[in-house]
1. What percent does the relative contact order of the chain come to when contacts are Cα pairs within less than 8 Å and at least six residues apart?
2. Please list, in order along the stretch 443-455, the HN-Hα scalar couplings obtained from phi with the Karplus expression 6.51 cos²θ - 1.76 cosθ + 1.60 (θ = phi - 60°), rounded to whole Hz, x for Gly and Pro.
3. Only Lys, Arg, Asp and Glu count, each charged at its Cβ (+1, +1, -1, -1), so figure out the dipole size of the stretch 250-432 about its Cα centre, rounded to 20 debye.
4. Could you give the length gained on full extension between residue 65 and residue 306, defined as 0.36 nm per residue of separation minus the Cα-Cα distance, in nm?
5. Grab the DSSP H runs of the chain that are 4 residues or longer, score each as -39,500 (n - 2.57), total them, divide by all residues and round the 222 nm result to the nearest 500 deg cm²/dmol.
6. With a Förster radius of 35 Å, plug the Cβ-Cβ distance of residue 256 and residue 338 into 1/(1 + (r/R0)^6) and report the FRET value to the nearest 0.05.
7. In the stretch 250-432, what percentage of the DSSP-assigned beta bridges are antiparallel, given to the nearest 5?
8. Suppose every Lys and Arg Cβ carries +1 and every Asp and Glu Cβ carries -1, with no other charges. What dipole size does the chain come out with about its Cα centre, to the nearest 20 debye?
Amino acid sequence: MWNLDQAYIDGAFVPVQGSERLEIVNPATEQAIGTVVLANRDDARQAIAAANRAQPGLANSTKAQRIEMLRRLEAAVLARSDQIRDATIEEYGGPLARSQWVSNYASQCFATTAQMLGDYAFERRLGEAAVVMEPIGVAGLIAPWNSAAGSMCSKLASAIAAGCASVVKPSELGPLQAQVVTEALHDAGLPAGVVNVLLGRGGDVGDEITTHPDIAKISFTGSTQTGKRIARAGLDTLKRVSLALSGKSATVMLDDADLAIALPMALNAAFMNNGQACVAGTRLLVPNVRMTEAIEGLRRAVAALRVGDPRDPATAVGPLASQAQFERVQQFIRRGLAQGATLVAGGEGRPDGLGKGWFVRPTVFAGVRNDMDIAREEIFGPVLSVIGYDDEDEAVEIANDSIYGLQAYVFSSQPQRARRVASRLRAGTVLVNRITPELIAPFGGVRQSGIGREFGVFGMEAFLEPKTIAMANGLAPAIPKQSRNEK
Ligand code: NAD
């Protein structure tokens, strides 16, 4: 049993002052596996104070020192890779392969950021001015439950590279992953206060972070609804805000796609992470001339999917993370049927033979119109909506008819054509004939999928602010190397 009751503040694990206790439940078995005591506003204030004390030292550190910190973080997180994987399976129900990917990704964030930092110029000349990129200040990093370890590490890598000390608030619904990652961060031996981590409620610890005058920057990943609340809360102190939010991604299957290859990939894009992914491709746009063939292919592919124990390497879809998620997905399936969509696979209830655990039946709807709820709202479960189209223009129009714009997918056997369609889609990322991300390239959403970008140089620049220094008599003299970031 896990009994978690500490926050990580100023380089040490300390008992939280909060008293709310949550049960941690394994979603595959519905059994309690531990408890966590949540931090409160007082804990948050202490964490913010510790980060503030650490901020000047980190801001004045050299590039080489920060690369060294990132390398130490990479090694420490890598050393706990198996523990992160196991925590992801145990508390979240992530299938083995996906959980392994997430835990590798958590350490890789530090590696790719360290590499990028080596080549980054913090100062450049524009006209007669020297333009210096400076750390914004103490950052609040707020992460969701569906990508706990990855979000924590990716945000932290960018913040440290930029020279920003952080207060990290992972979701209160991902305590095990947060605990293992925090132990790894501690092992890395960074200066006290550079990283502080506490689990607490959004309306309590989260609100303290988003309103506190000593926090200069918020990097948030979560739902669009919470993102808007955070943007409003940060307004009084004019915090810089990056928001990575919800999605309702479209997968555009062009009429020349090789369905034998593309359909399993499209299904994987829809059901990845048990369908609980912001980038899940949950609207599949299929040309009407190939609809019959596509539906048959999907029916076969879903029948072959193994749903069950997330520890089993053969499992493709594990349980949803909680009973609330289970109920939410059931409700969407009912709404899909009520609004006239046709069930191709799955449906309400649990899969045969799985009486316990928050397992749902991987579900595919055909005959979906883009104005149905299942096409417009983020369901956050393995439910795919298939929408027919007649020509390329109509496909683009349907794909773009959404309040979201996070990640889209295009499948085609003609790269030029796929590229042309990709350029017309309103999304922060478009993946063509692949479903794996490029971790060094910017990631984020357009429209209500977010503001700002994460990963690589764009991710770091979200924690930097340009300062212009222009002198009366021409060029500003260069700053000695040892006293600035460049070294
Ligand atoms: P959520 O918005 O409910 O919570 C996210 C985080 O915000 C949690 O840590 C929560 O405690 C905190 N929070 C809640 N209210 C707050 C407040 N008032 N002030 C400050 N913090 C507050 O989201 P969730 O259910 O944990 O995550 C799922 C959502 O996240 C989905 O919509 C998904 O699409 C989105 N998501 C987006 C990305 C992306 O990169 N775009 C990645 C993963 C998840």
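1. This gives 19 percent for the chain.
2. The phi angles translate into 10, x, x, 9, 6, 7, 8, x, 9, x, 10, 10, 6 Hz.
3. 540
4. 82.1 nm
5. The helix contribution divided over the chain gives -12000 deg cm²/dmol.
6. Efficiency computed from Cβ-Cβ geometry: 0.50.
7. 15
8. Magnitude of the dipole: close to 720 debye.
The values are calculated or read from the model by the stated rules, or taken from the named source; none is laboratory data. Source: prediction; values computed, not measured. Here the Cβ is made from the backbone with ideal geometry for all residues, glycine too, and neighbour counts use every protein chain on show. SASA here: full protein model, heavy atoms, side chains in, ligands and nucleic acids out. Shrake-Rupley method; radii C 1.70, N 1.55, O 1.52, S 1.80 Å.
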